[in-house]
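The structure appears right after this line, and notes come after that.
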Amino acid sequence: MRYVMNNQTDATHNIAMDTWLLNDLKPDEPIFTLWQNRNAVILGQNQNTFQEVNQEYVDDHGIQVVRRVTGGGAVYHDLGNLNFTFIVPVEQTAEVNFHKFVKPMLAALHSLDIPAEITGRNDLVIDGKKISGNAQRYANGYLMHHGTLLFDTNVDTMVHALNVADEKFMSKAAKSVRSRVGMIKNYAPKETTMDSFFEALQYYLSNQGKDQEIILDSAQNAQITDLQKRQFSTWDWNYGKSPAFNFHSHEKFTGGAVDVFAQVEEGIIRDIHFEGDFLGLLDITPLRQKLIGQKFDEANIKRVLDEMDASDNYFGHIPNHDIAKMFAS
């Protein structure tokens with residue numbers, strides 16, 4: 001297969017590039033690209049970002065959060081993870097078959113003496129452990145099939161970024177994940193590094209280096225950058241596209257207990273109520289009215305609380321940053 005080189009590690013660029021390849025390149029033969037993201041959580045198109053992402057953790061650790069255009073679940077990417085994308089001309093959706101399109105990657109792994117197998121609906125496994133998850137999207141006569149390859153990913157960071165849990169459960173969660181996922185590095189020849197793994201897959205998938213690279217011109221790269229800025233770097237896409245949901249959070253502070261109930265749609269607070277035994281001085285209705293219509297975002301809510309002097313007026317001196325943290329996923 002011919003291929004497109006992509007040396008970027010910014011997730012907003014790479015998800016934009018995947019989408020552009022599907023919708024705009026229009027190749028007359030199957031193509032592929034191999035790529036990596038630095039630390040990022042990549043969400044399925046229909047997932048609720050607020051429920052899938054540990055927002056406080058990803059903020060503290062500089063982890064990007066980006067929504068892709070394919071379905072499936074949330075995945076964690078880092079530089080120990082290699083991603084692949086196939087763009088395949090397909091005349092009808094009836095021709096779309098997962099096993100048909102994952103076979104080239106399976107064969108590439110076998111060429112490196114990595115004993116991977118296809119199992120279930122969309123997984124590659126080694127020794128019963130998942131090493132890859134895949135998703136696909138059909139549009140305008142083309143199938144985009146993309147997936148992850150867990151070469152040497154940081155499982156602890158994966159667990160913290162993707163799962164909202166009390167700290168005391170984190171080690172148990174990480175142990176559970178390790179029992180279910182495998183790292184390709186542990187099954188590859190000992191001398192295999194990420195660079196050599198990348199190069200070997202690139203060589204195999206390009207017909208032992210015989211198939212030529214597709215070099216994108218400046219106009220095409222500009223289109224990808226525009227898509228990156230216009231869609232995949234925006235809060236409206238990555239958070240606002242989340243399904244409508246009801247939110248409840250409870251915390252006990254020195255100044256009293258607080259319960260927050262909110263209705264959120266397209267990432268915007270549509271209704272909100274506070275309950276508890278905190279000793280506020282004023283009727284909380286003006287604060288509620290100010291929060292309705294705001295983005296469901298900890299930093300934004302903190303700004304509103306500060307503007308309204310909420311700690312002094314409404315929450316009996318419970319600090320605004322503590323109230324705002326109740327909105328962190």
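Structural remarks
- In the full protein context, the chain carries 47 Å² of accessible surface per residue, based on a 1.4 Å probe and ignoring ligands, DNA and RNA.
- By accessible area, using a 1.4 Å probe on protein heavy atoms only, the stretch 49-104 has 46% of its surface on carbon and sulfur.
- Most fluctuating residue given options Glu52, Glu117, Glu275, as computed from a GNM of the chain linking Cα atoms under 10 Å: Glu275
- Qualifying aspartates and glutamates (Cα of each under 18 Å from Cα of Lys129; at least 8 residues distant if same chain): Asp113, Glu117, Asp152, Asp156
- Reach of Lys229 by Cα under 27 Å, taken over lysines that are not fewer than 8 positions away in the same chain: Lys26, Lys241, Lys295, Lys302
- Most fluctuating residue given options Gly73, Gly62, Gly133, as computed from a GNM of the chain linking Cα atoms under 10 Å: Gly62
- In the frame of its principal axes, the stretch 211-277 has Cα extents of 67, 24, 20 Å, reported largest first.
- Tyr142 accessible area, assembled protein chains, probe 1.4 Å, Å²: 30 Å²
- Note on the stretch 214-329: Rg/Rh from Cα positions, Kirkwood definition for Rh, rounded to two decimals, is 1.18.
- Binning all Cα-Cα separations of the stretch 1-123 at 5 Å, short to long from zero, yields these whole-percent fractions: 2, 9, 17, 21, 22, 16, 9, 4, 1, 0.
- Volume per residue of the C-alpha convex hull in the chain, rounded to whole Å³: 141 Å³
- Max mean-square fluctuation residue, GNM over the chain, Cα-Cα springs under 10 Å, options Arg288, Arg137, Arg38: Arg288
- Label-zone membership for the stretch 17-48, site Trp235, 7 angstrom Cα→C-beta point, backbone N under 20 Å: 41-43, 47-48
- The stretch 56-151: proportion of alpha-carbon pairs further apart than 16 angstrom, %: 60 percent
- Accessible-area value, Lys290, 1.4 Å probe, nucleic acids and ligands omitted, Å²: 80 Å²
- Compactness of the stretch 176-234 is given as radius of gyration and Dmax, 17.9, 46 Å, from Cα positions.
- Nearest-0.05 FRET efficiency for Asn154 and Asp195, computed from C-beta distance (R0 22 Å): 0.75
The values are calculated or read from the model by the stated rules, or taken from the named source; none is laboratory data. On a predicted model such as this, the values are computed, not experimentally measured, just so you know. Cβ: placed from backbone, ideal geometry, glycine included. Neighbour counts: every protein chain shown. With ligands, DNA and RNA removed, areas are computed over all heavy atoms of the protein, side chains included. Shrake-Rupley method; radii C 1.70, N 1.55, O 1.52, S 1.80 Å.
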